[in-house]
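Every number here is computed from the coordinates shown, using simple stated rules; none is lab data. None of the values given here were measured: they were computed from a predicted structure. Quick reminder, even Gly has a Cβ in these numbers, built from the backbone with ideal geometry, and neighbours come from all protein chains shown.
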Amino acid sequence: MAFAVTSDGLKLYFEEVGQGVPILFVHEFAGDHRSWEPQLRAFGKRYRCITYAARGYKPSDVPSNPAAYSYLHVMRDAVVVLDHLQIEQAHLIGLSMGGYTALQVALNRPGRVRSLVLAGTGSGSERWYTEDFHKRSRDLAAQFEKDGSAAVAQTYGRSASRITFELKDPRGFAEFSRQLAEHDAQGSAHMSRGFQGARPSLYDFEAEIRKLSAPALIVVGDEDERCIEPAIFLKDAISASGLALLPKTGHAVNLEEPDLFNLLVGDFLARVDRGNWLPRDPRTRAPKPPPKTS
């Protein structure tokens with residue numbers, strides 16, 4: 001088993017396959033390093049692909065200190081994996097919590113990012129919903145501690161944005177549920193409370209996001225309602241970005257629609273590597289509506 005070691009002494013488990021331009025995959029809260037298997041099989045044929053388990057997700061270490069699970073800790077962990085593998089710059093592909101983390105790497109370590117794929121990114125960012133999202137995340141942490149991961153897999157694992165996955169691909173959903181049920185309950189509780197329950201809204205970083213120059217592909221399912229508005233915000237804010245809205249699809253887009261996801265991401269990566277995924281031409285922007293008057 002291969003591990004990278006963080007500055008605070010934690011071991012992060014990772015796997016890699018393939019050769020060529022590196023891709024770092026960053027998993028969602030309800031997933032782990034195994035969630036990217038359809039992508040490692042596809043892109044490992046022509047890229048150097050790395051997936052890792054975030055802190056709190058075995059076989060990575062599960063720190064006992066709740067303060068060790070902030071979004072900044074998790075962002076720095078992604079950089080640690082790149083450092084350990086002596087990768088100066090990589091394509092970063094993240095889903096949900098992983099998309100938030102990949103975006104934070106781009107904001108804090110822009111030189112390490114060749115491109116960004118931000119899938120299902122921004123849950124809880126809508127201003128009217130952020131406080132409720134934080135409370136729900138703290139309540140979920142308590143459920144992990146009280147009932148365990150297997151019980152959470154039957155409730156949170158069947159939340160509104162995941163029903164399409166279960167209806168569309170029962171075997172794939174069953175595998176996702178089994179993996180969620182295997183998560184360390186205390187690690188997931190700490191992550192739910194410290195990362196999910198305390199992270200700022202994407203809109204808090206608007207000024208910094210609008211300065212990003214990295215090419216970006218934003219992917220969201222059209223039935224992942226809490227991520228649609230943030231996806232449109234990211235499309236508007238990141239100059240060299242494109243937006244893909246997947247029909248009849250929920251939150252875990254890479255697992256629910258792996259063929260379509262891989263097709264979109266493969267085209268994006270190829271265009272980035274050829275240098276022809278360009279910033280938006282200002283002439284394509286429609287006039288802004290006038291401000292409302294009272």
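Quick look at the values:
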item: Helical contribution to [θ] at 222 nm, DSSP H n ≥ 4, -39,500 (n - 2.57), averaged over the chain, rounded to 500; result: -12000 deg cm²/dmol
item: Relative exposure of SER213, SER177, SER123, judged by other C-beta atoms within 10 Å (fewest first); result: SER213, SER177, SER123
item: Peptides 130-141, 280-291 ordered by average Cβ neighbours within 10 Å, highest first; result: 130-141, 280-291
item: Table column - 3J(HN,Hα) (Hz), segment 270-284, Karplus curve with 6.51, -1.76, 1.60, x for Gly and Pro; result: 4, 5, 4, 5, 8, x, 10, 9, 9, x, 5, 6, x, 5, 7
item: For SER241, residues with placed amide H under 5 Å, excluding near neighbours; result: ALA216, ARG280
item: Interchain or long-range residues, amide H under 5 Å from VAL26's placed H; result: ILE93, GLY94, LEU95
item: For the chain: rounded, prolate or oblate by the Cα gyration tensor [a/c cutoff 1.5]; result: rounded
item: Stretch gain in nm, segment LYS248-ASP132, where the contour uses 0.36 nm per residue and the Cα spacing is subtracted; result: 39.2 nm
item: The chain: Lys pairs at Cα distance under 24 angstrom, eight or more positions apart or on different chains; result: 9
item: For segment 232-249, Karplus couplings with θ = phi - 60° (6.51, -1.76, 1.60), whole Hz, Gly/Pro x; result: 5, 4, 4, 4, 6, 7, 8, 4, 9, 10, x, 10, 10, 9, 8, x, 6, 9
item: SER64, SER241 arranged by Cβ crowding within 10 Å, fewest neighbours leading; result: SER64, SER241
item: Spatial separation of Cα centroids for segment 70-128 and segment 210-264, in angstrom; result: 15 Å
